Amino acid sequence: MKLIWRLKSLNEYSSWIFKLAIAVLLLGFACRLFFYQSSSFEPNIETPFVDSTELSKEPVPSAEIPEPPPPPVTVDIPKPLASVNTSETSLSSGVQEHEDETPQEELNDGKCDLFTGDWIPNPSGPMYTNATCSLIEGHQNCMRNGRPDPGYLFWRWNPRNCELPPFDAPRFLEVMRNKRWALIGDSISRNHVQSLLCILSTVEQAVEVYHDEEYKSKRWHFPSYNFTMSNIWSPFLVKAAIFEDNNGVSSSEVQLQLDKLDTNWTNLYQSFDYMIISTGKWFLKAAIYHENDTEVGCHICPGKNLTEKGFVFAYEKALRYAMDFIATSKHRGLIFFRTSTPDHFENGEWHNGGNCTKTTPAKEGEIELKDLNKILRAVELAEFEKASAKAAENGVNLKLLDFTNLLLSRPDGHPGPYRQFHPFAQDKNAKVQNDCLHWCLPGPIDYWNDVIMEMAVNG
């Protein structure tokens, strides 16, 4: 009996030891599992986590446009900086990172609007300088003329939702081998053609091969590519007798033939492979209007026995006539119609002391398009819409270059008083003519060429 009790006690003791051992093992396993999982949630310092949603975010315009890093102070245009500390310009680096993620196909899928975007810091600066290009007109050669603030050179146009590659001059010239371009219009077209020529001349110097008697229409040739670039002076696109000096001072009203196109461009029209055609501001000038060789009215003609028609009357008629000619021309090249550009005169206009003193791009919404510019643009867009439908029916490749909003936020890009050579050298308070209509070269207008190349070459 005593033996049986001892065996029973021993059995109970063994069972308790076994249960204790099992409990210890389970507790150890639980602790091991807990510490393992805890360590797996520690951040991986060597490979930081990247939120995929961050890469897909569109660049949002900042309420405060960051200023670009200050370029070196030089008498001439500063050379593009080889390296710039961009730690403070996070918008630029962030957008560039986003651009690298953007597929090139987005440019042609119908979602990319090249004309809606932002000006972002560009530490590398312009593709050319006034030291490398001799084709810049004196009135737009701002740095040679003593403009002291080169900050306006360090911004570039960045469309939202898509990538816009910088202008590729070697590729452009190669694609345009044996082709002929023409920019047709007023002094803004001349401003633009000089910008394009300066960029192309980084590859090969353009050779001037023609000019008219007044040096307003010119043609250049790139011998290695047999490529020609023409600038045709035709500020109204229709026939006009103009009585004005180089400073914009008129001695009489313009005599405008609303039903006769200017043969300066129409006679050469079919010989060009590519054209950029524009007009605009000149229709605001005092003018006498003619149709069928008869005076039919005027704009700003006090004391004359004529009906005041207003410039819209003439602009609609002239533009419709020119656009109809293009749309029905059976031309087989590529034709761009460019909208008129905004000016940034403050405290007056060209003729009465207006100026433009801004040195950085405007913040979004800070500048509103002037009423006159709104009227011009409305006419342009309406006439283009009518003409583009007719052009499509006739197989004419007509496209719109709507740069109005692109330049609206660049009041800093004009020559201002530096239209003249060192205007304040003798008197720092001198009253001089300000130019808040044309654009410094290099300057914001250079980025038109990125858009044009995308549409004409890459597109």
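The values are calculated or read from the model by the stated rules, or taken from the named source; none is laboratory data. Given the structure is predicted, the values throughout are model-derived calculations rather than measurements. Methodologically, a virtual Cβ is constructed for each residue, glycine included, from the backbone with ideal geometry; neighbour enumeration extends over all protein chains shown. Remember, those area values only see protein heavy atoms, side chains included, never the ligands or the DNA or RNA. Shrake-Rupley method; radii C 1.70, N 1.55, O 1.52, S 1.80 Å.
Ranking D273, D118 by solvent-accessible area of protein heavy atoms (1.4 Å probe, all protein chains present), from largest to smallest, gives D273, D118.
In the complete set of protein chains, residue-level accessible area for E137 is approximately 50 Å², probe 1.4 angstrom.
Between D259 and K179, take the C-beta separation as r, use R0 = 35 Å, and let me know the FRET efficiency to the nearest 0.05. Present the calculation step by step, with values, prior to reporting the outcome.
Details: r = 32 Å, r/R0 = 0.93.
Using R0 = 35 Å, I get an efficiency of 0.60.
One way to sum up the overall shape of region 380-459 is the equivalent ellipsoid from its Cα gyration tensor, whose semi-axes run 38, 15, 9 Å, largest first.
Amide H to amide H distances under 5 Å link I276 with A182, L183, I184, F336, where only residues 5 or more positions off or on other chains count and H is placed in the peptide plane. Accessible surface for region 134-458, divided over its residues, is 42 Å² per residue with a 1.4 Å probe. Put a dot 7 Å past the Cα of E137, heading toward its Cβ, do the same for E366, and the two dots end up 2.8 nm apart. By accessible area, using a 1.4 Å probe on protein heavy atoms only, region 134-458 has 48% of its surface on carbon and sulfur.
Across the cross-link table entries K179/K218; K216/K374; K281/K363; K216/K317; K304/K370, which are compared at the Cα atoms, the separations over 20 Å belong to K216/K374; K281/K363; K216/K317; K304/K370.
Distance between the 7 Å Cα→Cβ label points at F325 and N429: 5.2 nm. Annotation for D293 and R332: the two label points, set 7 Å from Cα along the Cα-Cβ direction, are 3.8 nm apart.
Give the calculated FRET efficiency between H211 and N267 to the nearest 0.05, with a Förster radius of 25 Å applied to their Cβ-Cβ distance.
Working: r = 17 Å, r/R0 = 0.67.
Efficiency, from the Cβ-Cβ distance: 0.90.
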